[in-house]
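Down below is the structure, laid out as structure tokens.
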């Protein structure tokens, strides 16, 4: 890893204060590993069984959560926004991370999709499993990313299609959700806010 990446790793997670120093060191190591093989799976990023097992132990640790991990990044984003001369744009996006599972209840449901017609000509559908994510990315007018300002993850325990919602006379009730929301503006439930 080069000096610029090392400097980023020393600065970015500074506002992240996990339960003990060993967890902070593990986070820094994981960030370096993931940064060196962006987009790859945990086993490929970690390169050996001991590091892979350590990564999975870190992510399943009850004393580690995404709010604590993201705290340092949100603080760094706020600092970059405050030090930026000029307008800062906030881009909002919703993404679905879908996974094929035998048991959809294992990690939540994103939506139900049309699978085509069966032999009798009836519409078939199947359920997509996964995680939904809403994020707010701060960028300069030149397109320079300044960092995430907010992020929200959620899953659905079950999917209520539009026909079900209309029957219940609740057109806006589309799902039963479990949510996790994180923002650099504190514990406010709002996604939008000022960085100061």
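Can you give me the pair-distance distribution of the range 1-64, C-alpha pairs, 10 Å bins, whole percents?
21, 51, 27, 0
What is the order of 52, 77, 94, fewest Cβ neighbours within 10 Å to most? Before the final figure, lay out each step's value.
Numbers: 52 17, 77 25, 94 9.
Least crowded to most crowded, the residues run 94, 52, 77.
How much length would be gained if the chain were fully extended between residue 4 and residue 22, taking 0.36 nm per residue of separation minus their Cα-Cα distance, in nm to one decimal? Show your work: numbers first, answer last.
Numbers: separation 18, 0.36 × 18 = 6.48 nm, distance 2.38 nm.
This chain segment gains 4.1 nm when fully extended.
Which ordering of 84, 92, 73 is given by a fewest-first count of other beta-carbon atoms within 10 Å?
By the 10 Å Cβ count, ascending: 92, 84, 73.
Could you pull out which residues in the range 133-157 have an amide N less than 13 Å from a spot 7 Å beyond the Cα of residue 87, following the Cα-Cβ vector?
Hits in the range 133-157 for residue 87 at 13 Å: 139-143.
Using 0.36 nm per residue of separation minus the Cα-Cα distance, give me the extension gain between residue 61 and residue 14 in nm, one decimal.
Values: separation 47, 0.36 × 47 = 16.92 nm, distance 2.01 nm.
Extending this stretch completely gives an extra 14.9 nm.
Read-outs: derived from the displayed coordinates by stated rules, not from any lab. Since we're looking at a predicted model, the values are computed, not measured. So basically every Cβ, Gly included, is an ideal-geometry build from the backbone, and we count neighbours across all protein chains shown.
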